[in-house]
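Below you'll find the structure, written out as structure tokens, and then a few comments.
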Amino acid sequence: MKNQLCIFGMALSLVACTKETPVDYALLSGKIDNLNATELTLAKNDRTFTKKIPVNADGSFSDTIKSRPGVYTLVAGKNRTTVHLDNGNDLNIKANAEDFKKSLDVTGKGAEITRYLHFKNQKTAELKGAGTTFYTLEEEDFKNKNQEINTVLASVLDTFKGIPASYKSAEKRNLNYAKLIELSKYEMYHKYYAKKPDFKVSPDFLAELETLDVNNEADFIFSAAYKELVKEHYNKKIIEVAEKDSIDRSFAAVKVYATIPNQTIKNNLLFTGAQTGISYTENLEEYYQEYMNASTDEANNAKITEIYNKLKKVVKGQPSPKFTNYENNAGGTLSLDDLKGKYTYIDVWATWCGPCRAEIPHLKRVEKQYHGKNINFLSLSIDNPKDHDKWKKMIVDEELGGIQVLADNAWESQFVQDYYIRGIPRFILLDPDGIIVTPNAPRPSNPELITLFNELNI
């Protein structure tokens, strides 16, 4: 009996010694022929992870990916594809860059989900039809087609071998959320693509959305569609709070997100909103305090505090950061100090920016209205140096007025970094001494700009 116990103990010891340590990474490798690039870009679709992967001269690559499981986009030159990665996966990707989609082949441990996602994307596009015809369908036909897409994908998902049951269950819920997203977009898209500006959906068209549980943490993490639905739900509340309390929407967002009962959802929306929202708010101190009181994620709080400390230097009443020797379209160079003595209205823009270009007619109108007054109109382009000629051409083609300068290093220009500019167009107003009147001035299309100019007796 004693010997039997010893043998049993030795067996237990052997099992303990050979038990595998959980893997906290995925392996990604492959070969892309005729690839005109020295690196690939792998980015998680929720924007929480980005990595550059070196490519050898023969197009081969291999890397270890440490990130949370989920859907990624792999960019290879002008081509891109969807990849699903989970801990323990070992994916191998082969393709020819000259015919990427047809040649793409994904194999290895965990490749089944990626193959399903490729099929899903292709089948969805096929069922929706060419171009924007999906959104021109009449209401009943649209609902039927939308449901057909959901039904077909859910049925095909069941036929894929090697996909865990837990993933299939979560993905079926995701397919339903995607269906709801399409319903929520239909009115706006149908108005535009069917050219019916007065179109309204039937009263019960969005009935399924009214019963949505917006506190499902697992689905919030898994499903981008569910996350979008949750954001839409809270966006409506944000608009209501902004109007009721007469505060900017960035500040209203913090107040609304702070009330979310689920900590994961609350912290995520607070942080993703604050990364840009904090630079637009008119109430920096209150915004920051509200955020810090609501957020329970210490890593996020440290990042927002870092941004807050930068923004404190560019609030109303502070001396503006400066730039020196930016190329002046009129000839020579220009420094910000050259404009002292008058108010300066700065438009940070780029030739590729649609919303920036939409402001051009309004900016021309305001410039004409204030011609000869105590104000400079400075348009500061953050186009890449390679687009220098494109910038010069647009100034001529659009007959742009005011003072036109080109920043020295696009988004990375120190002036842009000092103001923590994360989106354009961005408008800044300085007084004649170079002191910040507002780091977020109204756009030329906003009547509040003229109200502000009048208050300053410009």
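The values are calculated or read from the model by the stated rules, or taken from the named source; none is laboratory data. Since this is a predicted model, take the numbers as computed values, not measurements. Cβ: placed from backbone, ideal geometry, glycine included. Neighbour counts: every protein chain shown.
Is one or more of the residues making up segment 279-294 of a type in the set (Asp, Glu), outside the structural domain of Gln414 (by TED's automatic domain parsing), assigned to a helix (DSSP H, G or I) and in contact (Cβ under 8 Å) with a residue 24 or more places away in the chain? Yes, some residue in segment 279-294 is of a type in the set (Asp, Glu), outside the structural domain of Gln414 (by TED's automatic domain parsing), assigned to a helix (DSSP H, G or I) and in contact (Cβ under 8 Å) with a residue 24 or more places away in the chain.
Among the residues of segment 42-52, is any free of Cβ contacts under 8 Å to residues at least 40 places away in the same chain and over 18 Å from the mean Cα position of the chain (by Cα)? Yes, some residue in segment 42-52 is free of Cβ contacts under 8 Å to residues at least 40 places away in the same chain and over 18 Å from the mean Cα position of the chain (by Cα). Could you list all residues from segment 93-148 that are over 21 Å from Thr81 (Cα atoms) and of a type in the set (A, V, I, L, M)? Within segment 93-148, just Leu137 meets the criteria. Report, by residue number, each residue of segment 104-149 that is of a type in the set (S, T, N, Q) and surrounded by 17 or more Cβ atoms within 10 Å (Cβ to Cβ). Hits for segment 104-149 are Thr114, Thr136, Asn146.
Only one entry of Phe271, Phe205, Phe220 meets the criterion of being in contact (Cβ under 8 Å) with a residue 12 or more places away in the chain and over 26 Å from Asn45 (Cβ atoms), and that entry is Phe205.
Hey, which of the helices (runs of 4 or more DSSP H) in segment 159-225, taking only ones fully inside, have at least 2 residues that are surrounded by 11 or more Cβ atoms within 10 Å (Cβ to Cβ) and among the small types (Gly, Ala, Ser)? Working first, answer last.
On the way: elements: 165-193, 207-210, 217-222.
Filter on segment 159-225 gives 165-193.
Of the residues that make up segment 334-344, is at least one crowded, with 17+ Cβ neighbours inside 10 Å and of a type in the set (Asp, Glu)? No: zero hits. Would you mind stating whether Leu85 is in contact with a strand residue (DSSP E or B) (Cβ under 7 Å, 6 or more places away or on another chain), surrounded by 14 or more Cβ atoms within 10 Å (Cβ to Cβ), closer than 25 Å to Pro22 by Cβ and not basic (Lys, Arg)? Criteria met by Leu85. Remark: pairs (first residue in segment 109-136, in contact (Cβ under 8 Å) with a residue 60 or more places away in the chain; second residue surrounded by 14 or more Cβ atoms within 10 Å (Cβ to Cβ) and aromatic (Phe, Trp, Tyr); Cβ separation under 6 Å; 6+ apart in sequence or on different chains) = Thr132/Tyr193. Taking segment 331-414 and the strands (runs of 3 or more DSSP E) fully enclosed by it, the elements with 2 or more residues that are among the polar types (S, T, N, Q) are at 375-381.
Summed over segment 332-355, residues that are closer than 27 Å to Asn457 by Cα and touching a residue at least 60 places away in the same chain (Cβ under 8 Å) total 14. Within segment 234-248, being part of a helix (DSSP H, G or I) and over 18 Å from the mean Cα position of the chain (by Cα) holds for Lys236, Lys237, Ile238, Ile239, Glu240, Val241, Ala242, Glu243, Lys244, Asp245.
Quick check on my filter: what residues within segment 73-97 are over 23 Å from Asn34 (Cβ atoms) and without any contact (Cβ under 8 Å) to a residue 40 or more places away in the chain? Steps first, please.
We begin by selecting, within segment 73-97, every residue over 23 Å from Asn34 (Cβ atoms); these are 84-90.
Answer for segment 73-97, where residues must be over 23 Å from Asn34 (Cβ atoms) and without any contact (Cβ under 8 Å) to a residue 40 or more places away in the chain: just His84.
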